[in-house]
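Please treat every number below as a calculation from the coordinates, not as lab data. Everything numeric here is computed off the predicted structure, so don't read it as measured data. Cβ sites come from the backbone with ideal geometry, for glycine too, and all protein chains shown count toward neighbours.
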Amino acid sequence: MMFAPTKFVPFATTGLFSWPGKIRMGMDLLISPKKVAPGEFNDETLESFVVRRMGRECLDRLAEPLVVVFMHPIQSRCPLLRPSPTP
């Protein structure tokens with residue numbers, strides 16, 4: 001799954017995102033990686049990662065719809081309280 005646009009013109013001309021949202025997503029190139037203390041496990045939710053890197057609009061209009069489409073078959077087979085694997 002690729003969140004970053006690969007072509008500028010289609011991204012710039014789409015009506016899916018507002019101009020402030022497009023500028024916010026473009027600022028992702030200037031944001032440094034999240035710093036994690038040595039030995040600390042870095043577990044971040046999809047929401048916090050996308051909002052931190054690309055903004056709320058990207059989460060609402062791109063990330064969440066994609067995850068719902070791709071994860072629905074998995075969610076329909078997985079029990080709610082199943083423990084997640086540890087790294």
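Which length gain, in nm to one decimal place, applies between LEU30 and LYS7 when the Cα-Cα distance is subtracted from 0.36 nm times their residue separation? The partial results should precede the final answer.
Details: separation 23, 0.36 × 23 = 8.28 nm, distance 1.84 nm.
Contour length minus the Cα-Cα distance gives 6.4 nm.
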Rounded, prolate or oblate: which fits the stretch 18-74 when a ≥ b ≥ c are the square roots of the eigenvalues of the alpha-carbon gyration tensor, with rounded for a/c under 1.5 and prolate only if a/b beats b/c? oblate
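Could you calculate the FRET efficiency of TRP19 with ASP60 from 1/(1 + (r/R0)^6), where r is the beta carbon distance between them and R0 is 25 Å, rounded to 0.05? Before the final figure, lay out the partial values.
Numbers: r = 16 Å, r/R0 = 0.64.
FRET efficiency, TRP19 to ASP60: 0.95.
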